[in-house]
Each structure stands twice: as structure tokens, then as C-alpha cells.
Amino acid sequence: MEPLALFYSREMLEHDTGQHPERVARLEAIEAALTHSGLTARTPLREPEPAALGQITRVHATGYVATVDRLARGGGGQLDPDTVVSRGSYRAALRAAGGAVAAARAVVGGEAKRAFALVRPPGHHARPAAGMGFCLFNNVAVAARAAQAELGVGRLAIVDVDVHHGNGTQESFYEDPSVLFVSTHQHPFYPGTGALTETGAGPGAGATANLPLPAGCGDADYLACLDEVVLPLLRRHAPELLLASVGFDAHWADPLANEQLTIGGYVAIVQRLAAAADELCGGRLALVLEGGYSLEALAYGVLAVCQALRGDAWEDPLGASPYAARGPRVGPIVARARVIHGLG
């Protein structure tokens with residue numbers, strides 16, 4: 001079994017957003033960092049198959065999928081003021097969702113202990129019937145439903161550590177008790193969802209957990225959320241597969257947000273998730289890339305996480321935030337979340 005499988009396709013570069021934060025250069029920077037470090041010589045990038053239409057429509061309305069296809073065939077357009085469709089976007093989005101499916105398949109099928117889908121466009125804002133927030137199809141949700149429908153997975157969990165709330169992922173599973181969705185995110189912030197009180201509905205009541213964090217939170221704050229809320233919820237849910245939406249936009253250098261994570265903080269988060277996967281589901285952990293708009297923080301962050309997942313040495317060339325530390329900020333949020341979710 002390989003320690004890590006990486007999924008990537010240059011077809012995703014055909015999602016041409018022009019001068020936009022979510023741009024082609026994001027994946028190019030990641031590919032360059034992985035190649036120059038020598039990592040891809042030991043863990044080659046694998047080309048995933050595009051997601052099949054039936055895999056996409058387990059999550060998204062057929063009419064919405066047809067709208068994205070039609071826009072792309074017509075030369076492109078906008079789904080909303082932030083979300084671009086170009087001529088190559090539909091194919092790129094199918095390939096991105098296929099990368100997430102391939103990552104889940106690799107760890108469930110025993111090809112690799114961990115997997116990372118290095119994909120764009122990102123997905124966690126994509127709602128069942130609408131794209132938004134740079135996202136066309138919800139890659140991690142497509143992977144989750146494929147795992148359940150095709151790979152024999154029953155219960156699974158999705159942990160979202162992007163700086164923005166994964167509203168589309170939450171909506172996709174809000175009434176489903178088989179999928180635990182947990183999100184850490186800056187709040188109040190785009191897209192405005194993700195309050196502590198959003199905990200699921202109907203049969204899914206209690207299977208959604210949100211940790212809305214103030215601006216300025218650093219490594220210690222995020223790790224407190226993991227240790228005191230996320231990991232206990234994972235242990236209670238007992239997933240057969242752990243998926244993680246990982247956005248590097250909570251890094252202190254990111255231009256679109258205000259949190260203070262370091263690359264070392266991201267490594268520590270992913271290592272905790274990997275340990276939880278070892279404890280709960282035979283090590284089956286698949287990561288899906290979401291945001292991250294500082295090219296340096298994104299590329300170095302992905303590289304360090306990949307090295308850590310392989311068990312290799314890693315480094316943080318960007319170091320600590322230059323901004324003054326304010327100390328722990330999440331105690332009241334963590335305490336309230338523990339009460340809301342019955343964690344004592």
C-alpha cells in the first residue's frame with residue numbers, strides 16, 4: 001500500500017478565470033513546488049478520470065449541471081459575480097470532482113493509506129442547484145456520495161478547514177445522519193452561514209457541527225477546536241471513511257481572509273485527522289483541495305502536508321505570522337459547541 005496517492009490533471013487549468021483570486025496559477029504553483037522538491041518522483045501525480053454525469057447528479061440538480069455545460073459550450077459566462085465559467089470549465093469541473101472520487105476510491109480500495117485530490121475549481125460552496133463562491137460542482141460531496149453508492153461505505157465524515165464555511169456541503173447532507181459534517185471557519189464572513197446553532201435537521205439533526213471563529217485565530221485556536229470538538233464528534237460518529245475539505249486560506253498570508261494559521265498549523269491539523277482515521281476507519285483519509293489564494297502559502301502548505309502524510313521531513317518557509325498574537329480566542333465557542341453537541 002502506498003503511503004499517499006496524489007490526484008491532479010492539467011485539464012483543470014482549462015478553467016480560465018482570468019485575473020481572479022481562484023486562477024490557473026494556483027495549481028501551477030502547487031505542481032511546481034511538488035516537482036522541485038522531488039516529492040513527485042516518489043509519489044507521482046495520478047490523472048483521475050472525469051466524474052460521470054450520474055456521479056454529479058447524485059449531488060446536483062440535473063438542470064443546474066446542464067446550465068454549467070451550456071454556459072461553457074457557449075464560450076463562458078458568470079454563475080454569480082464571483083463565479084466564472086469559461087469554455088473549458090465544465091470539463092475541468094468534471095475532472096475536479098473525478099479527482100475527489102479517485103482519492104476516496106484509493107483509500108477505500110486499499111491502494112493508498114491517504115490520498116489528496118489537488119483540484120480546481122474548488123467545490124464546497126456549490127449548492128445542489130447553484131454554483132457560488134468560485135465553486136461549480138461540490139467535489140467532496142460528489143466523492144462522499146460515490147463512496148456510499150459505489151464503494152460500500154455507510155457512515156462517513158467530512159471535516160472542512162477552509163477559512164470560509166462550506167455551505168454547499170452542509171446543505172447537501174443537512175438531513176442525512178450517515179454523514180457527519182464539521183466546519184471551522186472565520187465568522188462573520190462569506191458566505192454568512194455556519195452558525196453554532198446550525199446542527200442539521202430531521203433525521204440529520206446533530207450530524208452537522210459548526211465552529212464559527214473570530215478573525216485573528218492561530219494554530220492554538222484551531223487545534224483546540226480539533227481536540228475539544230471535532231475529534232470527539234468523529235469518535236462518536238465512528239465513520240468508515242474520513243474526507244477533509246482543506247483550504248489554505250486560513251493561513252496568515254492569505255489576501256482574502258483574516259485568520260493566522262501557519263503551515264505548521266495545517267500540518268498539525270492534518271496529522272490529527274490522520275491519527276483519527278487510524279483510530280476509527282483503518283487509516284482511510286482523503287483530502288480535497290478547496291481555497292488558498294496566496295500562491296506561496298498554498299504551494300508550501302500543500303507540499304508540507306503531503307510530506308507529513310508520507311512521513312517525510314517538512315518545513316515552513318513562511319514561518320509565524322508577523323502580526324501580534326492575541327492569545328487563545330476560542331474558549332467560549334468551544335465550550336458552547338460542546339454543550340450544543342452533548343460532549344459534556
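Each value in this text was obtained by applying a stated rule to the coordinates, not by laboratory testing. The shown structure was predicted, so the numbers you read here are calculated from the model rather than taken from an experiment. Note: ideal-geometry Cβ built from the backbone for every residue, glycine included; neighbour counts use all protein chains shown.
Restricting segment 198-267 to chymotrypsin sites (Phe, Trp or Tyr not before Pro) that sit in a DSSP loop and have at most 16 other Cβ atoms within 10 Å of their own Cβ leaves nothing.
If a/c stays under 1.5 just call it rounded; otherwise compare a/b with b/c (prolate if a/b is bigger, oblate if not). Do that for the chain, with a ≥ b ≥ c from the square roots of the Cα gyration tensor eigenvalues. The shape class here is rounded. For the chain, what is the percent of antiparallel DSSP beta bridges, rounded to the nearest 5? So the antiparallel bridges in the chain amount to around 15 percent.
Basic side chains Lys and Arg get +1 at the Cβ, acidic Asp and Glu get -1 at the Cβ, and with that the dipole of segment 72-185 about its Cα centre reaches some 480 debye. From the alpha carbon centroid of segment 176-255 to that of segment 21-54 is 26 Å. If you take the charge dipole of the chain about its Cα centre, with +1 on Lys and Arg Cβ and -1 on Asp and Glu Cβ, which of S89, P203, N167 is farthest toward its positive end? Of the candidates, P203 comes out farthest on the positive side. Using just its DSSP H runs of length 4 or more, each adding -39500 (n - 2.57), the chain gives a mean residue ellipticity at 222 nm of -11500 deg cm²/dmol after division by all residues. Its relative contact order, with pairs defined as Cα atoms under 8 Å and 6+ residues apart, puts the chain at 18 percent. Counted over segment 1-142, the DSSP beta bridges are approximately 45% antiparallel. Ordering Q55, A72, A41 by Cα displacement along the dipole of segment 4-111 toward the positive end leaves Q55 in first place; charges were set at the Cβ atoms of Lys, Arg (+1) and Asp, Glu (-1). Of the chymotrypsin sites (Phe, Trp or Tyr not before Pro) found in segment 289-344, those in coil by DSSP whose Cβ has at most 12 other Cβ atoms within 10 Å are Y323.
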